[in-house]
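Novice: Shown below is the structure under consideration.
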Amino acid sequence: MRIGHVIVPADDLDAQLAFYTSLGLKVRFRDGDRYAAVTDGTVTLGLADAGQQPVAGRTVLSIQVDDLDACLAQLAAAGATVATPITGPHERRALVTDPTGNPLTLYQPHP
């Protein structure tokens, strides 16, 4: 398990990219006008349009796991709120709510 990235709402992806790259972050990945990842080499911010935001308008922590199903089962058994996984173009992911009600995304990249 590792923190994959923090997903930040980006209604205007070009403006968000210009802002974050002006701070010195480097573009790591871009998927059209839907999503882009910028990094300082250690931490990655995912800039997401409304269709790619796990929770509309909220910044969400995203954690990469080796076995999504096992991790979700473990969290559900411990009482966490776990959504049904969905398959995206790059990974399988599920929204989980922590005990305080904060949303986070767990994901497993496609092989």
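The values are calculated or read from the model by the stated rules, or taken from the named source; none is laboratory data. Not measured: the values here are computed from a predicted model. Cβ coordinates were reconstructed from backbone atoms using ideal geometry, including for glycine residues, and neighbour counts include every protein chain displayed.
Novice: Output yes when any residue across region 36-44 is closer than 20 Å to N102 by Cβ, at pLDDT 90 or above and either loosely packed, with under 12 Cβ neighbours inside 10 Å or under 17 Å from the mean Cα position of the chain (by Cα) (or both), and no when none is. Explain how you work it out, then say what you get.
Specialist: We begin by selecting, within region 36-44, every residue closer than 20 Å to N102 by Cβ; these are 43-44.
This time we only want the ones that are at pLDDT 90 or above, so: 43-44.
Still in the list and also either loosely packed, with under 12 Cβ neighbours inside 10 Å or under 17 Å from the mean Cα position of the chain (by Cα) (or both): 43-44.
Yes, that holds for at least one residue.
Novice: While we're on this one: Any residue at all in region 8-28 that is under 17 Å from R93 (Cα atoms), of a type in the set (A, V, I, L, M) and out of contact with any His (no Cβ under 7 Å at 6 or more places or on another chain)? Show your work before the answer.
Specialist: Kept after step one, since they are under 17 Å from R93 (Cα atoms), are these residues of region 8-28: 8.
Of the ones still in play, those that are also of a type in the set (A, V, I, L, M) are 8.
Of the ones still in play, those that are also out of contact with any His (no Cβ under 7 Å at 6 or more places or on another chain) are 8.
The answer is yes; a qualifying residue exists.
Novice: So V96 passes all but one of these: (1) more than 20 Å from M1 (Cβ to Cβ); (2) out of contact with any Phe, Trp or Tyr (no Cβ under 9 Å at 6 or more places or on another chain). Which condition number does it fail?
Specialist: (1) is the only condition that V96 fails.
Novice: Of all residues in region 57-111 being over 20 Å from V43 (Cβ atoms) and among the hydroxyl-bearing types (S, T, Y), which is surrounded by the most Cβ atoms within 10 Å (Cβ to Cβ)?
Specialist: Per the criteria, the residue is T97.
Novice: Sticking with this one: For region 98-111, name all the residues that are modelled with pLDDT under 95, within 14 Å of S62 (Cβ to Cβ) and of a type in the set (S, T, N, Q).
Specialist: Hits for region 98-111 are N102, T105.
Novice: Same structure, new question: Restricting to region 45-56, count the residues that are buried (at least 18 other Cβ atoms within 10 Å of the Cβ) and aliphatic (A, V, I, L, M).
Specialist: 3
Novice: Let me ask you something else. Go through region 7-34 and give me each residue that's of a type outside the set (A, V, I, L, M, F, W, C), surrounded by 15 or more Cβ atoms within 10 Å (Cβ to Cβ) and either touching a residue at least 60 places away in the same chain (Cβ under 8 Å) or touching a Leu at 6+ places or on another chain (Cβ under 7 Å) (or both).
Specialist: Q16, Y20
Novice: Then there is this: Tally time: how many residues in region 1-35 are hydrophobic (A, V, I, L, M, F, W, C) and farther than 23 Å from D66 by Cα?
Specialist: First pass over region 1-35, keeping only residues hydrophobic (A, V, I, L, M, F, W, C): 1, 3, 6-8, 10, 13, 15, 17-19, 23, 25, 27, 29.
Among the residues that remain, those that are also farther than 23 Å from D66 by Cα are: 8, 10, 13, 15, 17-19, 23, 25, 27.
Of the residues in that region, 10 qualify.
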